[in-house]
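These notes concern the structure reproduced below.
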Amino acid sequence: MRRRNKAVLIGLILLLAVGVAVFLSCDNREGFTGSRVKNPDAYLLDIQRMNGTDLHTLELREGDILEIQFETWKGSLYLEIKAPDGTAVYRGNGKETTHFTVNIPQDGVYAVIVEARHAKGIIHVRATGKDA
C-alpha cells in the first residue's frame, strides 16, 4: 500500500512540474495585445501586453523632429531609434521622462526598435518637419 501511495505522490509531483513548465513557457512567448499603427511618419503602440521585439522604419530628413511619448506601466519596455549609419539617436526605458523630442541629424531611413517583456504601456513616435 505504501508503495502505491509513493507512486501516486511521485506521479502528482511530476504532473505538477510539467504543468508549471508549460505555464512558464506560455507566459514568456512572444505576442502583442493592444493597438499598433505603423505609418510613414508615425509609429504608435498602445500596449496592453507585449513580449518580444517590434520594428518600424521612418524615412526622415535632417532637421526633422521626433515627438515621443513613452510610458511603461508594467514589465519592461526598451526603445531604440537608430540613424541610417547604425548609431543610436535615442535609447532608453521610458522611466526617466515620458514626453520628449529627438532632433534628426541626417537624411535617411531610421529604425525604431521596441523590446518588451511582460509589458504594458505606450510608445508614440511622430515625425514633424523642422518648421512644425
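Quick note: the coordinates plus some simple rules give every number you see, no bench work behind them. A quick note: this is a predicted structure, and the numbers were derived from the prediction, not measured. Glycine also receives a Cβ, built like all others from the backbone with ideal geometry; neighbour counts cover every protein chain displayed.
Working note: Karplus 6.51/-1.76/1.60 with θ = phi - 60° gives segment 65-70 the couplings 10, 9, 9, 10, 10, 9 Hz, where Gly and Pro are set to x. Only lysine pairs 8 or more places apart or on separate chains count here, and in segment 31-128 those with Cα atoms under 22 Å apart total 6.
Relative to the 2.2 N^0.38 Å rule of thumb, segment 31-128 has a C-alpha radius of gyration ratio of 1.00. Highest mean first, the peptides 82-88, 49-55 sorted by other C-beta atoms within 10 Å per residue fall in the order 49-55, 82-88. Inter-part distance, segment 41-58 to segment 66-122, computed on C-alpha centroids, equals 10 Å.
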